[in-house]
């Protein structure tokens, strides 16, 4: 049995999660999103990654992954974007596509400053 | 000198101000929104993390995305937004209209004449000085929000190894931001026996990185000749003192509503919120002046600030049109387990949404609405904590003298 906090919304349900016969059972969640979160958290934990990029003109642009990225790929993504400069992108535009063949993209989340 | 005439002047174009502007313009008012920064969005611009907008937009957004959506909606509704304009004073003239003095690098001094004013000026961070931490006055000491601005808007790192004082959400978010930027985090310390931030931020910002959260601990002394070298941290229960080596200290120790302009206008402030006392139209003690968002009371979620500001914008548009607002003469009070209730006055027979900040922590509690001592509505609340605001919609009875709210723990 594992105790985890659902990060899907600000309510932050405290859940007890158990794996029995290959099935993940959870209690304490107030909505179905909690059960879905528990499932991925135990099998393949993922997080939305947010950061700022250096633009080629020296300004900085906020970016995010469009879906939660497997945690084991986060460090690699951060290393890639820390080392390089990128041309400014329109908010919503893809900057790095299909990170590690996961289908997760890095997108611009706001204008450069 | 430039002159602008409008129905509603909105001061501050953050998550609350943009929403108030949109609501007022949608109600038919000619709206001018001003902000002292070069871009609108307020603190949202530096909050590059996700988690905003679930209530207001039914989507999970980052701060800049939330700001962009709000800005577009405000402009589409017809509201004018002027950035880089600082308001130095607002005066209510004898005829009941307002004259605001603005200045900017681009236009110098501008006078704005309006029939109503909405104050959505946000809040400031409490600093080391507010909690009186002794020790050296060296470089490397920041509020969490100023470090966030440095990192996310200016692309600078505040240091290499940080100690975070205070477990508010900004501090927790900054702990993760530091780790994702290659900054070590020695610990997050909290003077209270329980964390101040949302549980999900404890999970994804501290536990994910194995950052220690030391509850009932305080920063006793800052040590450093030119730059921070260490901090002494005291266990409040045992008295034990530890020294953490670090070159940076981030303070995330609460927010103070910013109401300097309102104070100068003679608006009455509520000591429990730090914001102005308001009625159910979110009108202050000065007629025609409305307030919403973090300058009214500190919110945990921008979504609530935007929802609240919608009401202020609608009320301001109505006031400016001369249509009049319900006479909110019934005072609303609350029991000791609630730090405050906003609004503090409402009108008989209306339907109103109330905001509360509990002073107690418990798993389950009953929030009751009482008219002349008898319960007329109730709401069950789970996981009640001072860090989380409570809300309740209620119908105010047509005949009542005393309205009050009580929060009672359920065993």
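Bear in mind that the values in this text are calculations on the coordinates, not laboratory data. Note that the structure is a prediction, hence the values are computed from the model and not measured. Note that we place each Cβ from the backbone using ideal geometry, even for glycine, and neighbour counts take in every protein chain shown.
Based on DSSP, what percent of beta bridges with both residues in region B:127-253 are antiparallel, to the nearest 5? Of all bridge pairs located within region B:127-253, approximately 40 percent are antiparallel.
Computed from the alpha carbon atoms alone, the convex hull of region A:2-43 holds 55 Å³ per residue.
For region B:168-307, the extents of the C-alpha atoms along the principal axes are 54, 31, 31 Å, listed from largest to smallest.
Annotation for residue A:75 and residue B:380: the two label points, set 7 Å from Cα along the Cα-Cβ direction, are 4.6 nm apart. Peptides B:47-56, B:355-364 ranked from most to least packed give B:47-56, B:355-364, packing being the mean of other C-beta atoms within 10 angstrom over each peptide's residues. For region B:1-138, the antiparallel share of DSSP beta bridges with both residues in that region comes to about 45%. Assuming a ≥ b ≥ c are the square roots of the Cα gyration tensor eigenvalues, decide whether region B:4-142 counts as rounded (a/c under 1.5), prolate (otherwise, with a/b larger than b/c) or oblate. In terms of gyration-tensor shape, oblate. Considering helices alone, the calculated mean residue ellipticity of the protein assembly as shown at 222 nm is -5500 deg cm²/dmol, with DSSP H runs of length four and up weighted by -39500 (n - 2.57) and normalised per residue.
For region B:70-145, treating each Cα as an identical point scatterer without solvent, what Debye log10 I(q)/I(0) comes out at q = 0.15, 0.16, 0.19 1/Å? Each listed q maps to, in turn, -0.79, -0.84, -0.95. What is the antiparallel percent of DSSP beta bridges lying wholly in the protein assembly as shown, to the nearest 5? That works out to approximately 65 percent antiparallel. Taking the Cβ-Cβ separation of residue B:104 and residue A:20 as r and a Förster radius of 60 Å, what is the calculated FRET efficiency to the nearest 0.05? It comes to 0.40.
Counting Cβ atoms of other protein chains within 10 Å of each Cβ in A:85-93 and taking the mean gives 1.
Can you compute log10 of I(q)/I(0) for chain A with the Debye formula, treating each Cα as one identical point scatterer, at q = 0.15, 0.17 Å⁻¹? Taking Cα atoms of chain A as identical point scatterers yields -0.72, -0.83. The protection proxy used here, the mean number of other Cβ atoms lying within 10 Å of each residue, ranks peptides B:306-315, B:184-193 as follows, highest first: B:306-315, B:184-193. Counting Cβ atoms of other protein chains within 10 Å of each residue's Cβ and taking the mean over peptide A:46-52 gives 6. Peptide B:382-391 has a mean of 1 when you count, residue by residue, the C-beta atoms of other protein chains within 10 Å of its C-beta.
Projected onto planes of every orientation and averaged, the convex hull of the alpha-carbon atoms in region A:60-113 covers 3.5 nm². For region B:271-337, the extents of the C-alpha atoms along the principal axes are 38, 27, 15 Å, listed from largest to smallest.
Principal semi-axes of the equivalent ellipsoid, √(5λ) from the alpha carbon gyration tensor of region B:326-411, are 23, 12, 10 Å from largest down.
Here the protein assembly as shown is treated as a Stokes sphere of Kirkwood radius computed over C-alpha pairs; at 4 °C and 1.567 mPa s its diffusion coefficient rounds to 53 µm²/s.
Both numbers refer to the Cα atoms of region B:22-77; Rg and Dmax are 12.1, 35 Å.
By the equivalent-ellipsoid construction on the alpha carbon gyration tensor, chain B comes out with semi-axes of 37, 28, 18 Å, ordered largest to smallest.
Peptides A:1-9, B:197-205, B:36-44 ranked from most to least packed by the mean count of surrounding Cβ atoms within 10 Å: B:197-205, B:36-44, A:1-9.
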